[in-house]
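The structure appears below as structure tokens.
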Amino acid sequence: MKRIKIFAPATVANLSCGFDVLGCCLDTVGDEMIITLSSKPGVRITKIQGADLPLDAKKNVAGVAVEALLLKYNGTAGVDIEIYKKIKAGSGIGSSAASSAGAVWAVNHLLNNPFLPHELVAFAMQGEKLASGNAHADNVAPALLGGFTLVRSYDPLDIVKLHTPQDLVMTIIHPQIEVKTSDARSVIKQNVTLKQAIHQWGNVGGLISGLFTEDYELIGRSLEDVIIEPMRSILIPEFKNVKKVAIQQGALGCGISGSGPSIFALSKGIDTATKVAEAIRQVYAKTALDFDIHISKINNQGVKIIS
Ligand code: ADP
């Protein structure tokens with residue numbers, strides 16, 4: 001029997017200036033999954049622990065993503081999927097993407113890698129389409145490729161893996177309120193001004209250049225979003241205060257993780273990331289909200305085999 005247990009990583013999409021195109025992969029935050037190849041054709045979700053999600057493979061992003069893969073696979077295969085959820089759905093750190101990416105990566109591995117990484121991104125995007133109505137790749141690409149990724153183009157799909165400076169550490173606060181990706185999308189205006197666009201693509205270029213040259217100050221200056229953050233941050237309690245204290249404690253930048261409600265702060269070094277976490281904790285401790293805080297290095301590998 002061919003069976004594999006994997007770590008399916010959480011991811012931070014958008015990274016302030018790169019709405020729908022930039023993302024990065026986390027190292028210590030993620031789900032676990034057990035994928036088994038079966039002689040019985042079809043895709044089955046046999047177990048879900050840690051979350052109330054559909055067992056029907058057609059309604060679960062992992063099932064939909066694997067079905068997309070099997071449709072293109074030159075052969076017959078059956079797949080059983082167990083999901084051990086640690087990332088809550090609707091957290092904004094790629095809960096659905098972890099399941100889609102983890103499932104297609106593991107099935108590809110068990111089938112002896114018939115598909116290339118960018119083809120896996122396309123399959124996993126079908127899971128994202130089920131979750132949010134939009135086949136975006138900014139979470140599944142970093143989950144599959146690791147590190148920082150850019151979706152250079154959606155049509156045709158062109159994913160670029162960027163460089164990951166070693167010292168970058170993420171601090172994430174996840175307030176326990178649900179912001180559905182579909183709701184977070186509905187607050188966004190469909191038009192931007194030329195002035196906003198110029199500002200934004202300057203920052204995208206600056207961020208990518210800063211990553212490749214390991215220029216931490218340039219990374220910090222570029223983590224700015226003049227288009228989406230002003231509209232979406234109103235959905236997130238204490239966003240302004242969290243950002244203020246994170247920068248005060250030395251974070252390079254701070255913004256909304258994906259569609260929220262999680263907020264990320266990117267720092268140079270674990271010590272700064274820990275100080276940032278403490279300052280953010282103090283902001284949220286004054287509210288009546290429950291919250292989780294994570295500190296994670298950047299995972300340059302993506303999905304990992306546990307056993
Ligand atoms: P996130 O950004 O945290 O992934 P989304 O709002 O994009 O949150 O996706 C969560 C949605 O996807 C929920 O409606 C959830 O029910 C649905 N979903 C279906 N299958 C899964 C799965 N395996 N893991 C997480 N969410 C799933």
message: Among Ala13, Ala77, Ala288, which one shows the highest mean-square fluctuation when the chain is modelled as a Gaussian network with alpha-carbon springs under 10 Å?
response: Ala288
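Evaluate the relative contact order of region 1-144 (contact order divided by residue number), counting alpha-carbon pairs under 8 angstrom at least 6 apart; express in whole percent. Present the calculation step by step, with values, prior to reporting the outcome.
Working: 340 pairs, mean separation 44.0, N = 144.
Dividing the mean separation by the residue count of region 1-144 yields 31 percent.
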task: Taking only protein heavy atoms into account and a 1.4 Å probe, give the accessible area per residue of region 1-71 in Å².
output: 40 Å²
task: State, as an integer percentage, the relative contact order of region 244-307 based on alpha-carbon contacts under 8 Å between residues 6 or more apart.
output: 26 percent
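At a temperature of 4 °C and a viscosity of 1.567 mPa s, determine how fast region 260-307 diffuses translationally according to Stokes-Einstein, using the Kirkwood radius over alpha-carbon pairs as Rh; express D in µm²/s, rounded to the nearest whole number.
Details: Rh = 12.8 Å.
In µm²/s, the coefficient rounds to 101.
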- prompt: Quick one: if the Förster radius is 35 Å, what FRET efficiency do Leu289 and His163 give, using the C-beta to C-beta distance and rounding to 0.05?
  reply: 0.45
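Throw me the Rg/Rh for region 184-229, computed over C-alpha atoms with Kirkwood Rh, two decimals.
Values: Rg = 12.3 Å, Rh = 11.4 Å.
Result for region 184-229 is an Rg/Rh of 1.07.
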task: On a 0 to 90° scale, report how tilted helix 95-110 is relative to the longest principal axis of the chain, with both axes built from alpha carbons and the result rounded to the nearest 10.
output: 40 degrees
- line: the chain: Kirkwood hydrodynamic radius (Cα pairs, Å) comes out at 19.2 Å
Share of carbon and sulfur in the accessible heavy-atom surface of the chain [1.4 Å probe, %]: 52 percent
Between helix 194-213 and the chain: long-axis angle, C-alpha atoms, 0 to 90°, nearest 10: 70 degrees
query: Tell me, what is the percent relative contact order of the chain, built from C-alpha pairs under 8 Å that lie six or more residues apart?
result: 24 percent
query: What is the Cα coordinate range of region 101-170 on the first, second and third principal axes, sorted by size from largest, in whole angstrom?
result: 34, 30, 22
statement: If one compares the long axis through the Cα atoms of helix 270-285 with the longest principal axis of the Cα atoms of the chain, the angle in degrees, nearest 10, works out at 80 degrees
statement: Rounded to one decimal in nm, the spacing of the 7 Å Cα→Cβ label points at Asp20 and Gln190 is 1.1 nm
Label point distance in nm, Leu116-Asp215, each placed 7 Å from Cα along Cα→Cβ: 3.1 nm
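Using the heavy atoms of the protein chains alone and a 1.4 angstrom probe, what is the accessible area of region 201-263 per residue in square angstrom?
On the way: 2630 Å² over 63 residues.
That works out to 42 Å² for each residue.
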field: log₁₀ of I(q)/I(0) at q = 0.17 Å⁻¹ - region 209-287, Debye sum with one point per alpha carbon
entry: -0.66
- line: Plugging the Cβ-Cβ distance of Trp201 and Lys180 into 1/(1 + (r/R0)^6) at R0 = 25 Å yields, to the nearest 0.05, a FRET efficiency of 0.30
task: Quick one: grab Rg to one decimal and Dmax as a whole number for region 1-116, Cα atoms only, in Å.
output: 14.1, 46
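The values are calculated or read from the model by the stated rules, or taken from the named source; none is laboratory data. Model, not experiment: these values are computed from the prediction. A quick note on method: Cβ atoms are made from the backbone with ideal geometry, for glycine too, and the neighbour counts reach across all protein chains shown. For the accessible areas, the whole protein counts, side chains as well, though only heavy atoms, and no ligand, DNA or RNA atoms are used. Shrake-Rupley method; radii C 1.70, N 1.55, O 1.52, S 1.80 Å.
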